[in-house]
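Single-structure report; data block below.
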């Protein structure tokens, strides 16, 4: 490895809920550097969740992320002229990243409503264990389970 490893930056918690996970989620929502637009979307989404579920929106958000985040994923690896799909355990940081990405993509795929409403619906569905993001997670787990025979190739 060349050079020194990059130091991990500590992200500032968001202004309203004082939660670093929500701050990171806002950064994932953000497009073209428009952070105030992303904050408005996320905070409106959390207000909708609070109205609909009558629970703390952070609790619902964390539950949804925990439900969506994958435990296993597959990576391609070339061994002896053949490509194998090898299941690997997912580290915590990547687990959070994938969970957020899948929730956001599933929300963007929904049609006909503002982004805050689509995001709120997707987060509530994920907290219940349904929705497109959960479907993506089960699909990834199914692929990892199908290729479990190649797990001995993992280091």
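Bear in mind that the values in this text are calculations on the coordinates, not laboratory data. This one's a predicted model, so the numbers in the text were calculated from it and none came from an experiment. Cβ: placed from backbone, ideal geometry, glycine included. Neighbour counts: every protein chain shown.
Comparing 68, 140, 37, which has the greatest mean-square fluctuation in the GNM of the chain with Cα pairs linked when under 10 Å apart? Greatest mean-square fluctuation among the candidates belongs to 37.
For the chain, the Cα-based Rg and Dmax, in that order, read 17.8, 57 Å.
Return the calculated 222 nm mean residue ellipticity for the chain, to the nearest 500 deg cm²/dmol, obtained by summing -39500 (n - 2.57) across DSSP H runs with n ≥ 4 and dividing by the residue count. That comes out to -18500 deg cm²/dmol. On the beta carbon distance between residue 53 and residue 110, with R0 = 22 Å, the FRET formula returns roughly 0.75. The value of relative contact order for segment 20-153, using C-alpha pairs under 8 Å at least six residues apart, is 29 percent. Just the C-alpha atoms of segment 22-110: what Rg/Rh do they give, with Rh taken as the Kirkwood radius? In segment 22-110, Rg relative to Rh is 1.11. Across segment 96-155, the mean sequence separation of Cα contacts (distance under 8 Å, 6 or more residues apart), normalised by length, yields a relative contact order of 28 percent. Computed from Cα positions, the angle between helix 35-53 and the longest principal axis of the chain comes to roughly 80 degrees. The C-alpha atoms of the chain define a longest principal axis, and helix 92-109 lies at about 60 degrees to it. Take 4-10, 128-134, 53-59 and order them by the average number of nearby Cβ atoms within 10 Å per residue, most first; the result is 128-134, 53-59, 4-10.
In the chain, the longest principal axis of the Cα atoms and the axis of helix 115-128 are about 60 degrees apart. Based on C-alpha pairs under 8 angstrom that are at least 6 apart in sequence, segment 5-54 has a relative contact order of 19 percent. Shown here: segment 77-155, whose C-alpha atoms stretch 50, 23, 18 Å along the first, second and third principal axes, sorted largest to smallest. Please work out, to two decimal places, the log10 of the ratio I(q)/I(0) at q = 0.17, 0.22, 0.31 Å⁻¹ from a Debye calculation in which every Cα of segment 60-100 carries one identical scatterer. Ignoring solvent entirely, the Cα scatterers give -0.52, -0.69, -0.98.
Each label was represented as a point 7 Å from its Cα along the Cα-to-Cβ direction; for residue 155 and residue 2 these points are 1.9 nm apart.
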